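Chemist: Have a look at the structure that comes next, please.
The values are calculated or read from the model by the stated rules, or taken from the named source; none is laboratory data. The shown structure was predicted, so the numbers you read here are calculated from the model rather than taken from an experiment. Using ideal geometry, Cβ is built from the backbone for each residue, glycine included, and neighbour counts are taken over all protein chains shown. Remember, those area values only see protein heavy atoms, side chains included, never the ligands or the DNA or RNA. Shrake-Rupley method; radii C 1.70, N 1.55, O 1.52, S 1.80 Å.
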Amino acid sequence: MRFKKKTLYALATAIAFMTVAMGGFYVYLVKDLPAVGALGEYNPNLITKVYAADSRVVGEFYIERRIVAPMDSIPPHLVQAFLAAEDSKFFEHGGIDYLGILRALYKNLSAGRIVQGGSTITQQVARTFFLSSERKFTRKLREAILAFRIESQLSKKEILHLYLNQIYFGNGAYGVEAASETYYGKNVKDLSIAEAALLAGLPKAPNRYSPYASFELAKKRQEFVIARMLEEGFITKKEADDAAAEKLALKPRELRNLWVGPYFTEHIRRYIEEKYGDTLLYNGGLNIFTTMDVETQKAANAAVDYGIRTYDKRRGYRGPVRTLRTGDDIKAFLAEADQQMTYDPLRAGAVLQGVVASVDAAERTLTVNIGTRRGIILYPDLAWARLYNPTQNPDGGKFVNPMGLFTSGDVLEVRVKTLPSTPSSSDDNGSTIALELEQTPLIEGALIAMEPQTGYVKAMVGGSDFLKTQYNRAIQAKRQPGSAFKPIIYSAAIDSGYTPATVVVDSPIVFTGSLKIGDEEMDWKPRNFEEKFHGPTTVREAIAKSRNVVTVKVLKDIGVSSAISYARKLGIESPLASDLSLALGSSAVSLMEMTRAFATFANMGLKPEPVFITKVTDKDGNVLEERGTALEAVLSPQTSYIITNLLQGVIENGTGWRARALGRPVAGKTGTTNNLNDAWFIGYVPGLVAGVWVGYDNEHQLGHGETGAQAALPAWVKFMKEALEPVPSGNFPVPDGVEFVRIDPENGLLAGAATKNPVFEVFKVGTAPTTISDGKGASPGGEDFFLIDSGKEQEKEELKKTPRDKGAAPGAF
């Protein structure tokens, strides 16, 4: 009896101890478990989308690429496919499938390691939202406890909604909607049984079963899911057979416009991150509506690429990318090219690398292999390489026979000119591809385009390759604009009494102590680009021909402080030199600043605030910010129009002559720095203004003859041709308060009987000359001119000033 009591006491003690231990263990398991009630307020990581002006998606920012799909948009057979693959007893259990656990336990014991989890969909939800994926016994127990709690608070439909929108499908896709886009390029509601079965097989091992990684494994997994659907009675035998036989057409979501303007969208990203924080940017599902025009942006991309590649070829061929020395190296290179083409098929215009298979010096052709595809480069498409320049000096090239520059095994950069229209019967991979020789430019370029009436930025390119560098040369870089700055000087001059007919003597002049280098004052003798002087010159001719000396003299007359004041009015915020070198664009400014200034001329003196974003909404559609047009009147319409008219003269009779190719009214100005480090062109038509800059990041010289007209203007013309193709031609509107008067272009006076080639000139009402020309050219001396002694090293003082009346040439030197 005593023994029985001791035994019962020991047993009770053991039970009590085990109860306490189990209770303690349970407390240990649940003490840090999160509350599952928050699942009722499902707030997953969502994609922030950036939209162009026409609502096309041009950018996405996210941690997880997820698009939440409501349950009523998910087809029943997709749900059934997941149930068959993951949890066929989902609607029967309360969160735990005990038979499934026993089955998994048996397999794990047989394997001697954990090979199967036996988790229900509810357990997967618990793990995905609250726990890690580590394979530990304690984690499985915590998962089971959470599964019970989830089942007690959410309906089966709500649990499925969480599961189908949260799980990862590989290739960056989270949730069934994103997965449907990623693998089939369609909405989830349009999936077939076969397509649904493939998706349902992915969550078990997304990378292993990805059809992009191994279509064979993905197909086997799909067939397993179809068989399970048939076994569970979700589909008929015929439906199963049809699904298994269906040819799967993988079609990744269309990326045609996504990242069409990477520098534009990166500018947006930086702004949003700074204002709203990275959590809202990458997880919050914002909708950002921008001013980008997709087709204009594409035109800008193509123009910059064309401009810098054309320049690069002018400076000479640098040699192959590299040379492959062994057959194994060539074989590996071609295999990699084939792999790349499975994701990015060949297309006309694509630039990629190929390896030289043979050189035919007699026919002057190169045979180039791109993977298993064969291409040919004819002599006209490689002839530019006859200027061979492996040096860092843009003027260091020498003319050679280009056929001697290539050898088998050379890796070349080539552009696909055309693809064969039909495959060759003797070549399973298609007939020969027409190629042309390319090389990656070392130079950089930038372009920005906006509507002057609204300030809406329609396109922006900040460099040659966004993947190489995200530095935005359209906004962040500051470079000397050269003569492109002159219209700002002349806008101040027009308001100081100058007219397009004002005559200034283009002659040598020395300014003593007018330049400061550090603390030292230096004498300065400005000169024209062509190292010539042209005597009496009208303001119109001076700006059309980009006469440096005339502009310096005008600046000297109106005062540097006045010109800086006008630059500030026009939106130039960068530091400006307080000396006469300002006339030649010696102060570094951004392309955005200069383009905005020209937009003000185009907009009748109303300075637009650049606008990239029109509206930002949160995931629920609430407006976080909204922007409209902001204009500030900084110049009179009359002054602005006169500058526009003068800039038309740059195109019609001056350095911007290439822009005449547009066949419509154009105003613009070239810009070149004295040391040929920077090339600019900024110009506009009614409704659109664009600026182009070309140069090296390290401020290397561009080379002989590479002026704004040569290096920057061709890209601007190409851009405008494409951007304006659907836009009818129009004239610049003429404001009230200006008049057109016939003058003698030789002396700026009223045209008379003796005038040989009179022209109409524009003036503010009341400022036209009143003296009639006698047909003779302007005198280089007299009381209205500075007299210059070019044999001395200093400027003579102004001899005499007279009141500026209608017949005088104000400020003439």
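Chemist: Residues of segment 651-669 being open to solvent by less than 10 Å² (accessible area, probe 1.4 Å) and of a type in the set (Val, Ile, Thr), which ones?
Modeler: Correct list: Ile651, Val666.
Chemist: Considering only segment 224-234, how many residues are open to solvent by 10 Å² or more (accessible area, probe 1.4 Å) and touching a residue at least 24 places away in the same chain (Cβ under 8 Å)? If you could, list the steps in order and put the result at the bottom.
Modeler: Step one: filter segment 224-234 for residues open to solvent by 10 Å² or more (accessible area, probe 1.4 Å), giving 224, 227-228, 230-234.
Going one step further and asking which of them are touching a residue at least 24 places away in the same chain (Cβ under 8 Å), we end up with 224, 228, 231-232, 234.
Number of matching residues: 5.
Chemist: So for segment 742-764 (the condition being open to solvent by 60 Å² or more (accessible area, probe 1.4 Å), at pLDDT 95 or above and not hydrophobic (A, V, I, L, M, F, W, C)), does at least one residue qualify?
Modeler: For segment 742-764, residues open to solvent by 60 Å² or more (accessible area, probe 1.4 Å), at pLDDT 95 or above and not hydrophobic (A, V, I, L, M, F, W, C): present.
Chemist: Oh, and also: Just checking, how many residues over segment 604-624 are over 30 Å from Val650 (Cα atoms), free of Cβ contacts under 8 Å to residues at least 40 places away in the same chain and not in a loop (DSSP other than H, G, I, E, B)?
Modeler: So the answer is 1.
Chemist: Let me ask you something else. When you scan segment 283-295, do you find a residue that is open to solvent by 60 Å² or more (accessible area, probe 1.4 Å) and either among the polar types (S, T, N, Q) or at pLDDT below 95 (or both), even just one?
Modeler: No, segment 283-295 has no match at all.
Chemist: Would you list the strands (runs of 3 or more DSSP E) that sit entirely within segment 315-404 and hold 3 or more residues that are at pLDDT 95 or above and among the polar types (S, T, N, Q)?
Modeler: Filter on segment 315-404 gives 365-370.
Chemist: Continuing with this model, one more query. Filter segment 69-95 down to the residues that are within 23 Å of Asn45 (Cα to Cα) and either touching a His at 6+ places or on another chain (Cβ under 9 Å) or acidic (Asp, Glu) (or both) and list them by number.
Modeler: Those that are within 23 Å of Asn45 (Cα to Cα) and either touching a His at 6+ places or on another chain (Cβ under 9 Å) or acidic (Asp, Glu) (or both): Ala69, Pro70, Met71, Asp72, Ile74.
Chemist: While we're looking at this one, here's another question. If you scan segment 529-541, which residues turn out to be touching a Leu at 6+ places or on another chain (Cβ under 9 Å) and either open to solvent by less than 10 Å² (accessible area, probe 1.4 Å) or among the hydrophobic types (A, V, I, L, M, F, W, C) (or both)?
Modeler: Within segment 529-541, just Val539 meets the criteria.
Chemist: May I pose another question? Can you say whether Ser562 is closer than 29 Å to Pro758 by Cβ and either surrounded by fewer than 22 Cβ atoms within 10 Å (Cβ to Cβ) or in contact (Cβ under 8 Å) with a residue 24 or more places away in the chain (or both), as far as the supplied structure shows?
Modeler: no
Chemist: Among the numbered criteria (1) open to solvent by less than 50 Å² (accessible area, probe 1.4 Å); (2) farther than 15 Å from Ile543 by Cα; (3) in contact with a strand residue (DSSP E or B) (Cβ under 8 Å, 6 or more places away or on another chain), which one does Gly687 miss?
Modeler: (3)
Chemist: Does Pro508 satisfy being over 19 Å from the mean Cα position of the chain (by Cα) and surrounded by 23 or more Cβ atoms within 10 Å (Cβ to Cβ)? Write out each step before concluding.
Modeler: Working: over 19 Å from the mean Cα position of the chain (by Cα): yes; surrounded by 23 or more Cβ atoms within 10 Å (Cβ to Cβ): no.
Considered against the rule, which asks whether it is over 19 Å from the mean Cα position of the chain (by Cα) and surrounded by 23 or more Cβ atoms within 10 Å (Cβ to Cβ), Pro508 comes out as no.
Chemist: On to the next question. Does segment 591-600 hold any residues that are under 21 Å from the mean Cα position of the chain (by Cα) and either surrounded by fewer than 19 Cβ atoms within 10 Å (Cβ to Cβ) or farther than 25 Å from Tyr276 by Cβ (or both), and which are they?
Modeler: Leu591, Glu593, Met594, Thr595, Arg596
Chemist: In this structure, does Gln648 turn out to be over 23 Å from Thr670 (Cβ atoms), in contact with a strand residue (DSSP E or B) (Cβ under 9 Å, 6 or more places away or on another chain), open to solvent by 10 Å² or more (accessible area, probe 1.4 Å) and in a helix (DSSP H, G or I)?
Modeler: Answer is no for this residue.
Chemist: Also: Suppose we keep only residues that are closer than 26 Å to Val57 by Cα and hydroxyl-bearing (Ser, Thr, Tyr) within segment 601-652. Which one would you say is nearest to the chain's Cα centre (by Cα)?
Modeler: The extreme case among them is Thr614.
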